[in-house]
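Data block below; observations after.
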Amino acid sequence: MLSPYQYAVWLVCTILEIGVVVCAVKKNAFRRYVFLNIAMIASAAISIARYQILHHYGFTSKEYHYFYYYSDFLLVITLYLALTSLYSHVFAELKAEQYVRLGTVLLLCGTALFSYAVVQQSSSRLLTRFVVELSQNLYFVGLVLTYVLWGAVLKLRETRTRLIQLILSTGVYFSLFAANFALQNLYYGRTFFEYLTPLFGCFLPLSWMYAFWRIPEETRIAPARLAVVPR
Amino acid sequence: MMAGIILACSVVLLLQFFVSYCRSLIAASSRQVLSAEVQDVTGIQRAASGEDYKRVMQLLQLCPERPEDRNGIQAVSAYFGLLNFLRSTVARIVPSMQAWTDMERGHCAYFAAVALERRISFSRDMLAQQMDA
């Protein structure tokens, strides 16, 4: 059974995800950042569906476990697409969108093949293990892709503050989850940051909501000021 | 082994993204000029120092909270904590780090002063609305 704290974080996170979409619509940014909004809508819908399944079958049921891992896989795919759309924004002027799409699909296939190679020895529940492995690997691939995108932002001297904040917050989110999964794999069966992990999920909607609500699209910033190592 | 490498990479990149994210929050407010009133209250004329941060935060907590500011203030508070940690550890060995952390702590204090300015005008607006009602 989940604790009241976990229920509260779950509720807050779902409200924040809906809040991102509301803020984007209010600030006329929904269409511009449509994949980010789709990711948030999917996340909110899955949160509600998870609650329904938890309420109906219970926390220890197979149904909940299967739904949890398969829906997490769907979520990471939508986030991956959202990240691709951020690439399209940064490389829009270079007209490199089709290369970005091709690269994204190839990388996704490569990650899927790698994940399959890792789990193919499993005799039972191959598909479920594959889905879990692929989700975890995609968090790390997402992190690396975000870092490459951040490098491109600095190199191309991208100045759109809202876009920069969206990219950086996505990077923080992917690194939090990649680190969390790595810790879980290192110390199998032990849960770290039991109270912090649910909060990690709130970071992305909170920061995206802030970026949509507080930062107008036309605000500009000198990206060299943001680099940790002065450029 | 693989998980260890992923963990190390994730932690390093997390720090880098987090620092850049906080600097983007701070940079957005750095161009804003403080009103004479806030300058008097905080004692910050042009550039702020890290020592001002605690005092400005105390003043900030006296004002009614603006929900849209909460995220930024919490992130910058965490960043200030990280800077303090670096200042008391790594900066003792690397002198150039000392100047960098001092400058960043000053930026954090200025960010807090700008947030204070916003909260004061928010409180005034609320009071004016209540008076009208």
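The numbers here are math on the coordinates, done by the rules we state, and not lab data. Keep in mind the model is a prediction, meaning the values are calculated, not measured. Please note: Cβ atoms are built from the backbone with ideal geometry, for glycine as well, and neighbour counts cover all protein chains shown.
For the pair the stretch B:45-118 / the stretch A:74-112, the C-alpha centres are spaced 36 Å from each other.
Entry note, the stretch A:37-133: relative contact order of 27 percent, from Cα contacts under 8 Å with a spacing of 6+ residues. For chain B, the relative contact order comes to 38 percent (Cα pairs under 8 Å, sequence separation of at least 6). Within straight-line reach of A:LYS27, meaning a Cα separation under 15 Å, sit the following aspartates and glutamates at least 8 residues removed in sequence or on another chain: A:GLU217, A:GLU218, B:GLU68. Remark: relative contact order (the stretch A:4-225) = 27 percent; criterion is Cα-Cα distance under 8 angstrom and separation of 6 or more residues. Ranking A:LEU79, A:ILE53, A:ASN37 by how far each Cα lies toward the positive end of the dipole of the stretch A:4-225 (charges on Cβ) leaves A:ASN37 at the top. The fewest-to-most ranking of B:SER10, A:SER115, B:SER49 by surrounding Cβ atoms within 10 Å reads B:SER49, A:SER115, B:SER10. Globularity index of the stretch A:4-225 is 1.05 (Cα radius of gyration / 2.2 N^0.38 Å, N = number of residues).
Tell me, what does the Kirkwood hydrodynamic radius of the stretch B:64-133 come to in angstroms if you use every pair of distinct C-alpha atoms?
On the way: mean 1/r = 0.0718 Å⁻¹.
One decimal place: 13.9 Å for the Kirkwood radius.
Among B:HIS107, A:HIS56, sorting on how many other beta-carbon atoms sit within 10 Å of each Cβ, with the fewest leading, yields A:HIS56, B:HIS107. For peptide B:27-38, the mean count of partner chain Cβ atoms within 10 Å of a residue's Cβ comes to 1. Inter-chain Cβ neighbour count for A:174-187, averaged per residue, equals 5 (cutoff 10 Å, partner chain atoms only). Inter-chain Cβ neighbour count for A:139-150, averaged per residue, equals 2 (cutoff 10 Å, partner chain atoms only). Rounded to the nearest 10 degrees, the inclination of helix A:161-186 to the longest alpha-carbon principal axis of chain A is 30 degrees. Here A:LYS155 is the anchor, and the lysines within straight C-alpha reach of less than 21 Å, apart from those fewer than 8 places off in the same chain, are A:LYS95.
What ranking do A:LEU156, B:LEU62, A:LEU149 get, fewest neighbouring Cβ atoms within 10 angstrom at the top? It would help to have the intermediate numbers written out before the result.
Numbers: A:LEU156 13, B:LEU62 9, A:LEU149 22.
If I rank by nearby Cβ atoms, fewest first, I get B:LEU62, A:LEU156, A:LEU149.
Full extension of the chain between B:GLN130 and B:ARG66 gives 21.4 nm of extra length, using 0.36 nm per residue less the Cα-Cα distance.
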